[in-house]
Amino acid sequence: MSVLVYVENADGQFKKSTFEVVSYAAALAKTLNTSLAAISIGNVADVALSELGKYGATKILNVTSDKLKTFVNQAYASVIAEAAAKESADIVVLSNSFSGKGLAPRIAVKLQAGLISGAVALPEVSDGKFIVKRTAFSGKAFAFTEITSAKKVIALNPNSYKVEETGATAAVENFESSVKDSDFKSVIKEIVRATDKISLPDAELVVSAGRGLKGPENWKMIEDLADALGAATACSKPVSDAGWRPHEEHVGQTGIAISPNLYIAVGISGAIQHLAGVSSSKTIVVINKDPEAPFFKVADYGIVGDAFDIVPKLTEAVKAY
Ligand code: FAD
C-alpha cells in the first residue's frame with residue numbers, strides 16, 4: 001500500500017492548500033508506514049516541484065502534456081487514477097478545492113474506491129478500521145465516516161490541516177499519461193480572472209458584511225479593512241441577491257463554505273443558513289449594533305456598536321499596528 005497526493009497548481013504556482021494536502025498525506029503515509037508520491041499536472045517549474053519534498057513528498061510524477069495545460073475534470077481524473085495504479089497507491093489524497101470537488105468522485109469511480117470529501121483531520125486507523133472526521137450538513141456538524149473499501153480517496157478541506165516541514169527535496173520524474181480523446185468531451189478554452197483580489201476559498205483572513213451596511217456605496221470601508229489586513233471580502237446572501245456584491249462573495253448554505261483563521265462579520269445577523277458556511281472559521285469576530293444578534297452566540301469576540309463608527313477605527317488601528 002502507498003499514498004498518492006495530487007498537487008494542484010494555479011497558473012504554475014502552488015497554493016497554501018497544496019502544502020497542507022502534502023503535509024496531511026505525508027503524516028498519513030507515516031502512520032501507515034508507507035511511501036508517499038505526488039502527481040502534478042501542468043506547467044510547474046521543477047524547482048517548485050522538488051520543494052514539495054520539504055513537506056514530505058519523496059517522489060513527484062510530473063505531467064507536462066500540452067493537452068493537459070488547462071484543467072479538464074475527466075482527463076485529470078484519468079491521469080491521477082493512472083498514476084495511482086503505477087504507484088500501487090491504495091489511498092489518493094487531494095484538496096477539497098473547487099477543482100478537487102469535481103475530481104475526487106471521478107477518481108473514486110475509476111479506482112472503485114470509497115470517498116471522503118470535506119475531511120478535516122487525519123484518519124483514525126486501528127483494528128483494521130479507517131475512520132475519517134469530516135464536515136457534514138454544510139459545516140453544521142462533524143461526521144466520523146468509515147471507509148471499508150481497500151482503495152480510498154480523501155478530499156481535505158482547505159485550512160483544516162497545518163503545513164509541516166518534515167522532509168528535504170523530492171525527486172521529479174516525467175510521467176507520460178495515456179489520456180484518451182474521450183476524456184476531453186468538454187474543454188476550458190480560456191480562464192479570465194475576474195479580479196486580482198485574494199481568492200475567498202483560500203483566504204486565511206476574511207472580512208464579510210451584510211445588510212447592516214445599507215447599500216453598496218458603503219462597501220469601501222469593508223474593502224479598506226480587508227486591504228489593511230490582507231484579507232478577502234465576503235458577504236451574506238441578501239447582499240449578493242440585491243446585486244450589492246458579486247455572487248462569488250456569497251458565503252453560507254447556498255454560497256461557498258469557508259474556514260479561514262479569522263472571519264470578521266460586519267452587520268450580519270448570523271442566520272443559521274449564513275453560519276452553515278462560516279462556523280468552522282478558527283476565530284469569529286462579530287460587529288453588530290444589536291446585542292441580541294444571533295451571531296454573537298458563536299462569536300469568539302464581539303463588538304456591539306455601529307459598523308460605520310467601528311470599522312474605520314479598526315482599519316486605522318490595523319494600519320498603525
Ligand atoms: P439581516 O438579517 O437584515 O441582518 C442585518 C444585521 O445588521 C442585523 O443583525 C442588524 O442588527 C445589523 N445592523 C444593522 N445596521 C447596523 C449597523 N449600522 N452597524 C452594525 N450592525 C448593523 N444567507 C446567507 O448569508 N447565506 C446563505 O447561504 C443563505 N442561504 C439561505 C438558504 C435558504 C434556503 C434560506 C431560506 C435563507 C438563506 N439565507 C442565506 C438567508 C438567511 O436566512 C438570512 O436572511 C441572511 O443571512 C440575512 O442576511 P444579513 O444578516 O446580511 O441581513
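Details
- Radius 12 Å from Cβ of L262, net charge of other residues (Lys, Arg +1; Asp, Glu -1): -1
- Considering only the chain, percent of DSSP beta bridges that pair antiparallel, nearest 5: 20
- Cα-based helix-to-principal-axis angle, 73-86 vs the chain, degrees rounded to 10: 50
- Overall form of the stretch 61-139 per C-alpha gyration tensor (a/c, 1.5; a/b vs b/c): oblate
- Burial ranking of peptide ranges 37-43, 303-309 (average Cβ count within 10 Å, highest at the top): 37-43, 303-309
- Taking all Cα pairs closer than 8 Å and separated by 6 or more residues, the relative contact order of the chain comes to 15 percent.
- Under the criterion of Cα pairs below 8 Å and six or more residues apart, the relative contact order for the stretch 128-185 equals 21 percent.
- The stretch 260-321 - percent relative contact order, Cα under 8 Å, separation 6 or more: 31
- Amide H contacts of A121 (H built 1.01 Å from N, in plane; Pro and chain starts excluded): K133 sit under 5 Å, all sequence-distant by 5 or more or on other chains.
- With Cα atoms, 0 to 90° folded angle of helix 98-111 axis to the chain main axis: 30
- Antiparallel bridges, percent of DSSP beta bridges restricted to the stretch 1-111 (to nearest 5): 15
- Cβ-based charge dipole, the chain, positive-most Cα from S35, T169, F137: F137
- Entry note: the stretch 139-209 has Rg to Rh equal to 1.03, where both radii use alpha-carbon atoms and Rh is the Kirkwood radius.
- Loop trypsin sites (Lys or Arg not before Pro), the stretch 258-303, which have at most 15 other Cβ atoms in a 10 Å radius of their Cβ (DSSP): K282, K289
Only the coordinates and a few stated rules stand behind these numbers; no lab work does. All figures in this text were calculated on a predicted structure; none of them were measured in a lab. FYI the Cβ positions are ideal-geometry reconstructions off the backbone, even for glycines, and counts take in every protein chain you see.
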